[in-house]
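The values are calculated or read from the model by the stated rules, or taken from the named source; none is laboratory data. Small disclaimer: the values here were computed from a predicted structure and weren't measured. Because the Cβ atoms are built from the backbone with ideal geometry, glycine has one as well, and the counts that use them run over all protein chains shown.
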Amino acid sequence: MILMSTLFPRDYEESRATFRQDLERIQARWPNARLESHCLAGDEAAAEDLTIDWIHADGLQRHDMLLLFTAGVHGLEAYVGAGIFRLFVQEFLPRLDPSSTGLLFVHAINPWGMQHRRRTNRANVDLNRNFVWDTHLLDRSFNAGYGRLTSLLNPREPVRAMAWESLSFLFRLLWSVASLGLARFRHDALLGQYCFPQGLYYGGAALQEETQVLMGLYRKHIPKYSQVVHLDVHSGYGPRYQMSIVNSAMEPRDSAELARRFSYPLVVKANPDEFYSMRGDMIDYVYTLVYNQFPNVRLYATSFEFGTLGDSIARVFRSLRALVFENRLYWSGARNRSARERVEREFQELFYPQDERWRTRAISDARQAIQGILAAEGFFPRTSE
């Protein structure tokens, strides 16, 4: 039996060390496996020794299938990703065929965010709004509706007494939803924006260093193979005790078909009807890359989204409050220690819950999804144990 304490890391350094140690286990079956790292540029990053690490191995005899595993495009979410990766290494890695299967495993796409327990990178860029196919899409005029929400989403004063702050936020939130309608509010708030550098969901004015590293890895390794499966891990959105498989809107198969194919109960697409839309999504970028430059590659790329607080309207509003208050705390601080600690605690629970029941269910759902996807995509027989 796997102990939860052995899966989920305490901090960035422990997580990275564990990932690097996994190289030996992988090399036992893929002797050509190699660990590589990219140290983030800049004096602060260098002083903190922040690196994007990846392990890659090619099929020993053929290049039939490539399994890509990534986590941490939103830094704090890398902790859940690290736990799921540990599960994968312990339970599923031995079932893959080294003769025909290649590997590309990436630890903490956003190491600064993981280290500092923020979603964004050091420049406050939401990297999952930065994976654009063409840089002209980093357009300051994009999503003009976001501008109507800046006073709600990006207030610029220190956090004060939380009871009053929470009530005030709720009234302003309800007013915005009533004015715009829930669907329009969600669209404008979550789609991404390129005009407010200190705001939520800021996609940046240029491709970020982390984004360019991942784009380079995808361009280098994907065209070697005839089939690619890419699993990316996120946390924070959706039902509390049911992980969602979130597919790109560019995936041609519908959600119901894939739910049957994977024997998994909750499969959705990143569109307004089933989930929500965004510009600059990493999985969308992978599909665009394959469709435009490597059309002979058969691709299935998806995200595992581990809901934390829940998906009722009240819980979604609470999640948004946690995001708004954490961003406000980062830029403007808090008037007292109690407010600071509560904001930090709620933000952590939004993306990295400490509850053992939640973690046990997360592992169970990940196990079911990995089994269903890799069996259906031919990485190992569906009936194997």
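Looking at (1) under 27 Å from Thr211 (Cβ atoms); (2) at pLDDT 95 or above, which one does Ala47 not meet, given that it meets all the others?
Condition (2) is where Ala47 drops out.
Which numbered condition in (1) assigned to a loop (DSSP other than H, G, I, E, B); (2) surrounded by fewer than 19 Cβ atoms within 10 Å (Cβ to Cβ); (3) modelled with pLDDT of 95 or more; (4) not aromatic (Phe, Trp, Tyr) is the only one that Leu200 fails?
(2)
Listed here are the residues, each with its yes/no results for (1) under 20 Å from the mean Cα position of the chain (by Cα); (2) buried (at least 18 other Cβ atoms within 10 Å of the Cβ); (3) among the aliphatic types (A, V, I, L, M); (4) in a loop (DSSP other than H, G, I, E, B).
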{"position": "Arg340", "(1), (2), (3), (4)": "no, no, no, no"}
{"position": "Glu344", "(1), (2), (3), (4)": "yes, no, no, no"}
{"position": "Leu350", "(1), (2), (3), (4)": "yes, yes, yes, no"}
{"position": "Arg357", "(1), (2), (3), (4)": "no, no, no, no"}
{"position": "Thr360", "(1), (2), (3), (4)": "yes, no, no, no"}
{"position": "Ile363", "(1), (2), (3), (4)": "yes, yes, yes, no"}
{"position": "Ala366", "(1), (2), (3), (4)": "yes, yes, yes, no"}
{"position": "Phe379", "(1), (2), (3), (4)": "no, yes, no, yes"}
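Right, Tyr201: outside the structural domain of Ser176 (by TED's automatic domain parsing), within 15 Å of the chain's Cα centre (by Cα) and closer than 20 Å to Leu137 by Cα or not? Walk me through how you get there before you give the answer.
Working: outside the structural domain of Ser176 (by TED's automatic domain parsing): yes; within 15 Å of the chain's Cα centre (by Cα): yes; closer than 20 Å to Leu137 by Cα: yes.
Spelling it out, Tyr201 is indeed outside the structural domain of Ser176 (by TED's automatic domain parsing), within 15 Å of the chain's Cα centre (by Cα) and closer than 20 Å to Leu137 by Cα.
Any idea which of Asp232, Asp188 is part of a helix (DSSP H, G or I) and either touching a Lys or Arg at 6+ places or on another chain (Cβ under 9 Å) or in contact (Cβ under 8 Å) with a residue 12 or more places away in the chain (or both)? Even if it seems obvious, please write down each step before you answer.
Details: Asp232 fails: part of a helix (DSSP H, G or I).
That would be Asp188, the only listed residue that is part of a helix (DSSP H, G or I) and either touching a Lys or Arg at 6+ places or on another chain (Cβ under 9 Å) or in contact (Cβ under 8 Å) with a residue 12 or more places away in the chain (or both).
Mind listing just one residue for me: the one in the range 158-185 that is assigned to a helix (DSSP H, G or I) and charged (D, E, K, R) and, of those, surrounded by the most Cβ atoms within 10 Å (Cβ to Cβ)? Quick ask: steps written out before the conclusion?
Residues of the range 158-185 assigned to a helix (DSSP H, G or I): 162-180, 182-185.
Among the residues that remain, those that are also charged (D, E, K, R) are: 165, 172, 184.
Numbers: Glu165: 21, Arg172: 15, Arg184: 15.
By that ranking, first place goes to Glu165.
How many of the residues in the range 96-115 are over 17 Å from Gln27 (Cβ atoms) and either outside any strand (DSSP E or B) or of a type in the set (Ser, Thr, Tyr) (or both)? So that I can check it myself, show each step before the final result.
Taking the range 96-115 first, the residues over 17 Å from Gln27 (Cβ atoms) are 100, 106, 108-115.
From the residues that got through so far, the ones that are either outside any strand (DSSP E or B) or of a type in the set (Ser, Thr, Tyr) (or both) too are 100, 108-115.
Selection size over the range 96-115: 9.
Considering every residue within the range 245-252, establish whether at least one is in contact with a Pro (Cβ under 8 Å, 6 or more places away or on another chain), in the same structural domain as Thr51 (by TED's automatic domain parsing) and among the hydrophobic types (A, V, I, L, M, F, W, C). Quick ask: steps written out before the conclusion?
Residues of the range 245-252 that are in contact with a Pro (Cβ under 8 Å, 6 or more places away or on another chain), as a first pass: none.
No - not one qualifying residue is present in the range 245-252.
With respect to Gly238, determine if the residue is in contact with a Lys or Arg (Cβ under 9 Å, 6 or more places away or on another chain), in contact (Cβ under 8 Å) with a residue 24 or more places away in the chain, closer than 29 Å to Gly83 by Cα and buried (at least 16 other Cβ atoms within 10 Å of the Cβ). Before you say what the answer is, go through the steps one by one.
Details: in contact with a Lys or Arg (Cβ under 9 Å, 6 or more places away or on another chain): no; in contact (Cβ under 8 Å) with a residue 24 or more places away in the chain: yes; closer than 29 Å to Gly83 by Cα: yes; buried (at least 16 other Cβ atoms within 10 Å of the Cβ): yes.
Taking the combined requirement at face value, the residue does not satisfy it.
So how many residues does the range 73-84 have that are in contact with a strand residue (DSSP E or B) (Cβ under 8 Å, 6 or more places away or on another chain) and either free of Cβ contacts under 8 Å to residues at least 40 places away in the same chain or over 13 Å from Phe306 (Cβ atoms) (or both)?
Number of matching residues: 1.
List the residue pairs whose Cβ atoms are under 6 Å apart, where the first residue sits in the range 279-304 and is touching a residue at least 12 places away in the same chain (Cβ under 8 Å), the second is of a type in the set (Lys, Arg) and surrounded by 22 or more Cβ atoms within 10 Å (Cβ to Cβ), and the two are 6 or more positions apart or on different chains.
Gly280/Arg129
Tally the residues that are over 16 Å from the mean Cα position of the chain (by Cα), under 27 Å from Ala123 (Cα atoms) and not hydroxyl-bearing (Ser, Thr, Tyr), restricting the search to the range 214-226.
Applying the first criterion (over 16 Å from the mean Cα position of the chain (by Cα)) to the range 214-226 yields 216-226.
Those still in the list that are under 27 Å from Ala123 (Cα atoms) too: 216-220.
Of the ones still in play, those that are also not hydroxyl-bearing (Ser, Thr, Tyr) are 216-217, 219-220.
So the answer is 4.
State all residues of the range 21-35 that are basic (Lys, Arg) and in a loop (DSSP other than H, G, I, E, B); if no residue qualifies, say none. I'd like the intermediate steps shown before the answer.
Step one: list which residues in the range 21-35 are basic (Lys, Arg), which gives 25, 29, 34.
Arg29 - this is the single residue of the range 21-35 that is basic (Lys, Arg) and in a loop (DSSP other than H, G, I, E, B).
Checking the condition in contact with an Asp or Glu (Cβ under 9 Å, 6 or more places away or on another chain) and outside any strand (DSSP E or B), which residue from Tyr218, Tyr287 passes?
Result: Tyr287 is the single residue among Tyr218, Tyr287 that is in contact with an Asp or Glu (Cβ under 9 Å, 6 or more places away or on another chain) and outside any strand (DSSP E or B).
Return the only residue of Arg129, Arg95 being in the same structural domain as Arg29 (by TED's automatic domain parsing), surrounded by fewer than 19 Cβ atoms within 10 Å (Cβ to Cβ) and touching a residue at least 24 places away in the same chain (Cβ under 8 Å).
Working: Arg129 fails: surrounded by fewer than 19 Cβ atoms within 10 Å (Cβ to Cβ).
From the options Arg129, Arg95, the qualifying one is Arg95.
Hey, among Ala183, Ala161, Ala144, which residue is without any contact (Cβ under 8 Å) to a residue 12 or more places away in the chain and either more than 19 Å from Ser319 (Cβ to Cβ) or of a type outside the set (Val, Ile, Thr) (or both)? Outline the logic, then answer.
Working: Ala183 fails: without any contact (Cβ under 8 Å) to a residue 12 or more places away in the chain; Ala161 fails: without any contact (Cβ under 8 Å) to a residue 12 or more places away in the chain.
One residue alone meets the criteria, Ala144.
What do you reckon, is Phe275 in contact with a strand residue (DSSP E or B) (Cβ under 6 Å, 6 or more places away or on another chain), crowded, with 23+ Cβ neighbours inside 10 Å and touching a residue at least 12 places away in the same chain (Cβ under 8 Å)? Break it down into steps so the answer makes sense when it comes.
Working: in contact with a strand residue (DSSP E or B) (Cβ under 6 Å, 6 or more places away or on another chain): yes; crowded, with 23+ Cβ neighbours inside 10 Å: no; touching a residue at least 12 places away in the same chain (Cβ under 8 Å): yes.
Criteria not met by Phe275.
Does any residue of the range 52-74 turn out to be in contact with a Lys or Arg (Cβ under 8 Å, 6 or more places away or on another chain), surrounded by 15 or more Cβ atoms within 10 Å (Cβ to Cβ) and assigned to a helix (DSSP H, G or I)?
As a first pass, look at the range 52-74 and keep what is in contact with a Lys or Arg (Cβ under 8 Å, 6 or more places away or on another chain): 53, 55-58, 63, 66, 74.
From the residues that got through so far, the ones that are surrounded by 15 or more Cβ atoms within 10 Å (Cβ to Cβ) too are 53, 55-58, 63, 66, 74.
In the following step, the residues that additionally are assigned to a helix (DSSP H, G or I) were identified as none.
Looking through the range 52-74, none of the residues is in contact with a Lys or Arg (Cβ under 8 Å, 6 or more places away or on another chain), surrounded by 15 or more Cβ atoms within 10 Å (Cβ to Cβ) and assigned to a helix (DSSP H, G or I).
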